[in-house]
Amino acid sequence: MIPAAVALALAHFGAPLAYRLAAGRWLARPWGLERGPRRPTVTVIVPTYNEAKFVEAKLDDIAKQSYPKELMEVIVVDSASSDGTAQIARRWAAEHPQVKLLVVEEPERRGKAHALNAALKAARGEVVVITDADSTWAAEDTLERALSWFADPRVGAVTCLKKPAGKGAAGVEEGYRRFYNAIRVAESKVWATPIFHGELAAFRRDLLEANGGFPTDLGADDSHTATLIALKGYRAIAPDDVWCIEAVPRKGYHKWRVRRAQHLIQHFARAIKRVREAPGPFRKVLLAEAWLHLANPWLLAAAALLLALEAARGSPLAAALLALGFLPLACKPYRTWVAMQLYLMAAAIRNLKTKEIAWEKEAK
């Protein structure tokens, strides 16, 4: 069993290493896209549920953007908050008449995608941008930069890169983001990235409506919507100059990470079924990401299990190899990678019980 365990471990670490090397080559490519001066009209949608602590700051964040206010409308769609979020948003609107703001209230909370679809019915912008209430756009021209990519008709969707507001448990979030952002840009340059971010995700409204809005039966509504757009032959990109600040939970960090992993697993489990529809460059990205999210973590678990069984039978070599696998945990990149695998495995198991479409919020 030791040779099999070693083979599984090599396969587990070899797949992401090979993908990272390929991504390094892709990063050197030009974008091959135009960014023009034309400014589309935009609807910014802020979905909220008990966001009284954040909603004013989020609206201030949007209002300070350099994008012309006459081309912008904002919709706060509130999912039956019990803390007065909708009332705070209305008060803010009265104090900031230069911003066109509509508050839509849902009678019950049914999940983020339901809320986004409710807001989409009232949206009039050529581009629809969704943004989380507890996130921050890193600069006053963040929206301008994101929307400038829509000057090219081949671009169907644009998202941001993320900086964590905190390091997360044992610095895992900080280390994860450095690796993660480089991959998103590389995938975007080759064709499209299948992972979008709720801090800023922008879509052509006509493509959204052609898809029937956001999918309501899985959690990664932003990523899956972007992937559906990419499957139609459009570019879905994360530019290297569009940044957002991501709020990291003070408590419940691990639960938060597992839930996000659940949503990505749901997304890739469905998207991989349509991989043959993908444009050639995007197909290899989708296949690689689906493998890394759905299958690759289990190779590490299988390798560790086989070595543990052999060590229990008295094999000193198996015990030494098992110990060798734990020693690098003192190194942040290795610790970050192993944590990601554990989150993905926990998420896959948890998906058997619940999809976490609507969840209990963590304190941030």
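Based on DSSP H segments of at least four residues, each scored -39500 (n - 2.57), the chain has a per-residue ellipticity at 222 nm of -16000 deg cm²/dmol. Taking the chain as a whole, the Cys residues whose C-beta sits 4.7 Å or farther from every other Cys C-beta are C331. Applying the Kirkwood pairwise sum to the alpha-carbon positions of the stretch 229-285 produces a hydrodynamic radius of 14.0 angstrom.
Where in the stretch 210-229 does the amide nitrogen come within less than 19 Å of the point 7 Å from the Cα of R283, taken along Cα to Cβ? Flagged as within label range: 227-229.
Tell me the GluC sites (Glu not before Pro) within the stretch 31-71 that lie in a loop according to DSSP and have at most 16 other beta-carbon atoms within 10 Å.
On the way: sites: E34, E51, E56, E70; in loops: E34, E51.
Passing both the DSSP loop test and the Cβ count: E34.
Using a probe of 1.4 angstrom and keeping all protein chains present, the accessible surface of the chain works out to 43 square angstrom per residue.
On a per residue basis, the convex hull of the C-alpha atoms belonging to the stretch 232-342 measures out at 166 Å³. Between R29 and N211, the contour length at 0.36 nm per residue exceeds the Cα-Cα span by 62.5 nm.
Normalised by 2.2 N^0.38 Å, where N counts its residues, the alpha-carbon radius of gyration of the stretch 4-153 equals 1.37.
Centre-to-centre, using Cα atoms only, the stretch 47-117 and the stretch 123-169 are separated by 16 Å. The HN-Hα couplings worked out from phi for the stretch 72-85 by the Karplus form 6.51 cos²θ - 1.76 cosθ + 1.60 (θ = phi - 60°) are 10, 10, 10, 10, 9, 10, 9, 9, 6, 5, 9, 10, x, 4 Hz, whole numbers, x standing for Gly and Pro. Here the peptides 244-253, 263-272 are ranked by packing, the mean other Cβ count within 10 Å, and the order with the highest first is 263-272, 244-253.
Taking the Cα centre of the chain as reference, the dipole from Cβ charges on Lys and Arg (+1) and Asp and Glu (-1) amounts to some 1000 debye.
Derived scalar couplings between HN and Hα for the stretch 18-27 equal 5, 5, 5, 5, 5, 4, x, 6, 5, 4 Hz in order, rounded to whole Hz, by the Karplus curve 6.51 cos²θ - 1.76 cosθ + 1.60 (θ = phi - 60°), x for Gly and Pro. Note on the chain: with a GNM built from Cα contacts shorter than 10 Å, the maximum mean-square fluctuation among S81, S188, S315 falls on S315. Backbone amide hydrogens, once placed in the peptide plane, bring L102 within less than 5 Å of V74, I75, V76, excluding anything fewer than 5 places away on its chain. Rounded to the nearest whole Hz, the Karplus-based 3J(HN,Hα) values (6.51 cos²θ - 1.76 cosθ + 1.60, θ = phi - 60°) of the stretch 291-297 follow the sequence 4, 5, 8, 9, 10, 4, x, with x at glycine and proline.
Taking a 30 Å limit on the Cα-Cα distance, which of the listed pairs K232/K332; K189/K353; K53/K355; K64/K332; K58/K251 fall beyond it? Among K232/K332; K189/K353; K53/K355; K64/K332; K58/K251, the Cα-Cα distance tops 30 Å for K232/K332; K189/K353; K64/K332.
For the chain, the antiparallel share of DSSP beta bridges with both residues in that region comes to about 25%.
Count Lys and Arg as plus one, Asp and Glu as minus one, and take only other residues whose Cβ is under 12 Å from that of E70; the net charge is then +2.
In angstrom, the C-alpha Rg and Dmax of the chain are 21.4, 75. Cross-link partners of K284 among aspartates and glutamates, defined as those whose alpha carbon lies under 13 angstrom from its own and excluding same-chain residues fewer than eight positions apart: E187. Full extension of the segment from R276 to Q87, taken as 0.36 nm per residue of separation minus the current Cα-Cα distance, would add 63.3 nm. For the listed peptides 216-225, 117-126, 201-210, 151-160, a ranking on the average number of other beta carbons within 10 Å per residue, highest first, reads 216-225, 151-160, 201-210, 117-126. Is the C-alpha gyration tensor of the stretch 1-65 telling us rounded, prolate or oblate? Criteria: a/c under 1.5 is rounded; beyond that, a/b larger than b/c is prolate, otherwise oblate. Judged from the Cα gyration tensor, the stretch 1-65 comes out oblate (a/c at least 1.5, b/c at or above a/b).
The values are calculated or read from the model by the stated rules, or taken from the named source; none is laboratory data. All values derive from a computational prediction rather than experimental measurement. Glycine gets a Cβ as well: all are built from the backbone with ideal geometry, and neighbour counts include every protein chain shown. Quick note on the areas: whole protein, heavy atoms, side chains included, nothing else; ligands and nucleic acids left out. Shrake-Rupley method; radii C 1.70, N 1.55, O 1.52, S 1.80 Å.
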